[in-house]
1. Name the one entry in LEU150, LEU187, LEU156 that is modelled with pLDDT under 75 and part of a helix (DSSP H, G or I).
2. Among the numbered conditions (1) open to solvent by less than 30 Å² (accessible area, probe 1.4 Å); (2) among the charged types (D, E, K, R); (3) more than 33 Å from the chain's Cα centre (by Cα), tell me where ASP258 comes up short.
3. Looking at ARG36, is it among the basic types (Lys, Arg) and either modelled with pLDDT of 65 or more or within 30 Å of THR183 (Cα to Cα) (or both)?
4. Working only within the stretch 254-269, note down all residues that are part of a helix (DSSP H, G or I), small (Gly, Ala, Ser) and either modelled with pLDDT under 90 or in contact with a helix residue (DSSP H, G or I) (Cβ under 6 Å, 6 or more places away or on another chain) (or both).
5. Give the number of residues within the stretch 270-287 that are surrounded by fewer than 14 Cβ atoms within 10 Å (Cβ to Cβ) and modelled with pLDDT of 90 or more.
6. Identify all residues within the stretch 118-147 that are farther than 20 Å from ARG192 by Cα, assigned to a helix (DSSP H, G or I) and open to solvent by 60 Å² or more (accessible area, probe 1.4 Å); write none if there are none.
7. Test each condition in (1) open to solvent by less than 50 Å² (accessible area, probe 1.4 Å); (2) touching a helix residue (DSSP H, G or I) at 6+ places or on another chain (Cβ under 7 Å); (3) modelled with pLDDT under 85 for CYS194 and report the one that comes out false.
8. Being surrounded by fewer than 16 Cβ atoms within 10 Å (Cβ to Cβ), part of a helix (DSSP H, G or I) and touching a Cys at 6+ places or on another chain (Cβ under 8 Å), is that true of even one residue in the stretch 233-252?
Amino acid sequence: GPQRQSSESSDDEYLERGGSGSDSSANWPEDASLGRRNRAWLRFWVWSFLTTKTYPGDSKRRSCILWVTATAYQFLMACAVVFLLVLDSTTQVTVTTPAYWYSELVLTCIWSVEYVLRFWSCVEGQAEVPTSHLRRCKVRLRAMLHPLMLIDLVSLISLVVDLMIDSNQLRGLGALRMMRVFTLLRLERDWRICDPLLAVVAQEGRLLGGAVAIALTMLMCCSIVMFYVEAPSNPKFGSVADCLWWGTTALTTVGYGDLYPESAMGRIVASITAFLGIGLFALPAGIITAGFRNEQMRRHNGKSGMASPSADEEELKDLLLGLHRRMD
């Protein structure tokens with residue numbers, strides 16, 4: 001029929017432009033058609049799997065399978081990160097058990113292959129894949145400098161170093177094993193856990209900055225006042241630095257008990273500081289809560305389509321309708 005003829009003509013045009021006959025148009029999502037002749041089918045779907053990108057133009061079945069498998073892989077890798085850290089915590093810092101070593105070796109190999117595949121397939125994230133190898137290399141180099149890719153690289157290096165530490169003679173390098181904590185940041189890249197928080201901090205940054213400035217000012221004032229009030233009779237408050245530690249525990253209402261005032265005036269200052277700390281921490285909490293609510297509403301409006309018109313827009317619309325009726 002006409003539809004078949006149109007598809008054949010599009011494939012012929014695609015072949016004339018230098019495309020491959022194995023990459024038929026049925027294998028490509030609609031919104032990936034731009035620059036399609038420069039894409040590689042396998043590389044495109046590797047990129048889609050690693051980034052969990054699904055497309056409205058693709059078939060629902062294929063998109064569902066892609067999303068389920070990619071999410072399952074990310075979930076397994078997240079569990080593997082936690083399992084690796086928990087398994088290592090059962091022994092001493094410089095002791096490596098065979099079970100932990102082989103588990104770390106397998107995960108290091110998997111994550112190394114994943115890193116290489118991300119580096120190889122990142123060019124598919126462009127609106128149009130560059131035709132020349134030089135431009136593709138530039139895209140890949142920019143992708144390598146992305147913070148999350150750098151975190152992956154650092155975590156891989158830490159895992160390789162940890163695999164090399166197999167005796168207590170290299171105990172000096174044991175501190176490098178702490179770099180494995182960067183593997184936890186894989187959870188942020190795959191699940192975007194901190195995206196809402198970062199959006200709130202970006203929107204409410206000025207208010208949060210003001211709250212932090214107030215907190216620091218209050219900390220300095222309370223600590224200096226306590227130093228002049230308590231230091232003459234209490235040797236524990238011998239410097240402003242000690243008073244800053246006390247002020248931090250007092251404003252956060254933690255109170256470890258290692259530093260506490262003994263004079264009557266010092267206890268009055270401590271009581272005022274504790275009450276100020278309660279109100280101080282309620283301020284940024286309220287700002288963040290309001291920011292989360294605004295971010296949730298914004299995302300809900302973005303999913304449901306265009307946001308509903310505001311009251312001012314409705315009033316302006318009614319005014320224009322009234323003027324139009326009077327002119328008629």
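1. Numbers: LEU150 fails: modelled with pLDDT under 75; LEU156 fails: modelled with pLDDT under 75.
Just one listed residue meets the conditions, LEU187.
2. Answer for ASP258: the failing condition is (1).
3. On the way: among the basic types (Lys, Arg): yes; either modelled with pLDDT of 65 or more or within 30 Å of THR183 (Cα to Cα) (or both): no.
When the stated conditions are applied, ARG36 does not pass them.
4. If the condition is that a residue be part of a helix (DSSP H, G or I), small (Gly, Ala, Ser) and either modelled with pLDDT under 90 or in contact with a helix residue (DSSP H, G or I) (Cβ under 6 Å, 6 or more places away or on another chain) (or both), then GLY266 is the only one that fits.
5. Counting residues in the stretch 270-287 that are surrounded by fewer than 14 Cβ atoms within 10 Å (Cβ to Cβ) and modelled with pLDDT of 90 or more gives 3.
6. Those that are farther than 20 Å from ARG192 by Cα, assigned to a helix (DSSP H, G or I) and open to solvent by 60 Å² or more (accessible area, probe 1.4 Å): TRP120, HIS133, LEU134, ARG135, CYS137, LYS138, LEU141, ARG142.
7. Result: CYS194 passes all but (1).
8. no
The values are calculated or read from the model by the stated rules, or taken from the named source; none is laboratory data. Since the model is a prediction, treat every value here as computed from it, not as a measurement. Here the Cβ is made from the backbone with ideal geometry for all residues, glycine too, and neighbour counts use every protein chain on show. Side chains are part of the model used for accessible areas, which takes the heavy atoms of the whole protein and leaves out ligands, DNA and RNA. Shrake-Rupley method; radii C 1.70, N 1.55, O 1.52, S 1.80 Å.
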